[in-house]
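The values are calculated or read from the model by the stated rules, or taken from the named source; none is laboratory data. Remember, it's a predicted structure, so these values are computed and weren't measured experimentally. Every residue, glycine among them, receives a Cβ derived from its backbone with ideal geometry; neighbour counts consider all protein chains shown.
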Ligand SMILES: [Zn+2]
């Protein structure tokens, strides 16, 4: 029994276990907590999706469907081993299962057969949906099995649980067959081995690529946009610069519209006059970006300038 991990701790635990993790949409605040309890948590449940295709499976697990709203789990494990986080909190994945199984999970002993559906599993279990058709023919690539092992181990490690806190949906709810195509006993053996070994080094993720702002296109936008109020956005890099000006406290959020209008020109002039922007005066602070002031803005707020 334990308090559920926060979004940050869950993400960190998975990454520390060497997993490649993608944060999907608003997973941090996406849950069914308004429909019932989440936690105390007792274990980790493994499923198969009965779908194919990564993006569509991830979207389905995020959104759910008309009779079963999402999130349908916490993480989706793709065939290449990437984990997509889709929910944080109560999720519609475990349904009603057997209270004898829950007691065995809590005590971390061998699971009895599941022959009752009398206990809320969505309160008690983290859920991972693994992309597989579940027809017994769709393969389970080594990378995916390893990611299942790592993801389950990550949560067990974070809570101080053993591999006996990990179960398949089929071991919980009568009538369920997932995950089909590998054995949960062999998976638990793998998890035990991982938990006994020193923690894997964290995956080094490439630094996110900075947006690029083209100076000449930006200047064109700054010169022409104010005269054409209400016209469509002329250059998408304007948004990047406006976001920086908003972060700098020089532009009101409502003017961050991708249109280099008079408010943006005025805000940019303030940046040019500021010490951080170069301390320009007079005509040199006319609100039309120049290379040096733009590079200063990009360095501080995370974009690159090309001419
Ligand atoms: Zn399932």
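Could you pull out the residue among 138, 114 that is touching a helix residue (DSSP H, G or I) at 6+ places or on another chain (Cβ under 6 Å), assigned by TED's automatic domain parsing to the domain that holds residue 179 and over 19 Å from residue 5 (Cβ atoms)?
The conditions single out 114.
Assess whether residue 105 counts as being at pLDDT 95 or above and away from the ligand (no atom under 14 Å from the Cβ).
Answer is yes for this residue.
Could you please find all residues in the stretch 43-75 being in contact with a helix residue (DSSP H, G or I) (Cβ under 7 Å, 6 or more places away or on another chain), buried (at least 21 other Cβ atoms within 10 Å of the Cβ) and more than 18 Å from residue 177 (Cα to Cα)?
Listed by number, the residues that qualify are 43, 71, 75.
Could you count how many residues in the stretch 253-292 are within 19 Å of residue 224 (Cα to Cα) and assigned to a helix (DSSP H, G or I)?
13
Scan the stretch 278-296 for residues that are surrounded by fewer than 17 Cβ atoms within 10 Å (Cβ to Cβ) and without any contact (Cβ under 8 Å) to a residue 12 or more places away in the chain and jot them down.
Within the stretch 278-296, 279, 281, 282, 283 meet the criteria.
Of the residues that sit in the stretch 1-17 and are modelled with pLDDT of 95 or more and exposed (fewer than 15 other Cβ atoms within 10 Å of the Cβ), which one is farthest from residue 106 (Cα to Cα)?
8
For the stretch 185-219, give me the residue count where each residue is over 30 Å from residue 113 (Cβ atoms) and modelled with pLDDT of 75 or more.
11
Restricting to the stretch 173-200, name every residue that is touching a residue at least 24 places away in the same chain (Cβ under 8 Å), more than 16 Å from the ligand (Cβ to nearest atom) and in a helix (DSSP H, G or I).
Listed by number, the residues that qualify are 188, 189, 190, 191, 192, 194, 195.
Hey, among 152, 147, 170, which residue is part of a helix (DSSP H, G or I), within 16 Å of the ligand (Cβ to nearest atom), in the same structural domain as residue 36 (by TED's automatic domain parsing) and surrounded by 23 or more Cβ atoms within 10 Å (Cβ to Cβ)?
Within the list 152, 147, 170, the selection yields 152.
Taking the options 140, 161, name whichever one is closer than 20 Å to residue 189 by Cβ, part of a loop (DSSP other than H, G, I, E, B), within 16 Å of the ligand (Cβ to nearest atom) and at pLDDT 95 or above.
140
Do the conditions hold for residue 131, that is, is it in contact (Cβ under 8 Å) with a residue 40 or more places away in the chain, within 15 Å of the ligand (Cβ to nearest atom) and under 25 Å from residue 55 (Cβ atoms)?
yes
Anything in the stretch 40-66 that is over 13 Å from residue 93 (Cβ atoms), part of a helix (DSSP H, G or I) and away from the ligand (no atom under 14 Å from the Cβ)? List them, or say none.
54, 55, 56, 58, 59, 63 - these are the residues of the stretch 40-66 that are over 13 Å from residue 93 (Cβ atoms), part of a helix (DSSP H, G or I) and away from the ligand (no atom under 14 Å from the Cβ).
In the list 299, 270, 275, which residue meets the criterion of being surrounded by fewer than 16 Cβ atoms within 10 Å (Cβ to Cβ) and more than 29 Å from the chain's Cα centre (by Cα)?
It is 275.
Exactly one condition in (1) surrounded by fewer than 20 Cβ atoms within 10 Å (Cβ to Cβ); (2) in contact with a strand residue (DSSP E or B) (Cβ under 6 Å, 6 or more places away or on another chain); (3) within 19 Å of residue 83 (Cα to Cα) is not met by residue 127; state its number.
Only one criterion in (1) surrounded by fewer than 20 Cβ atoms within 10 Å (Cβ to Cβ); (2) in contact with a strand residue (DSSP E or B) (Cβ under 6 Å, 6 or more places away or on another chain); (3) within 19 Å of residue 83 (Cα to Cα) is unmet by residue 127, namely (1).
Of all residues in the stretch 105-124, which are surrounded by 15 or more Cβ atoms within 10 Å (Cβ to Cβ) and free of Cβ contacts under 8 Å to residues at least 24 places away in the same chain?
Across the stretch 105-124, the qualifying residue is only 119.
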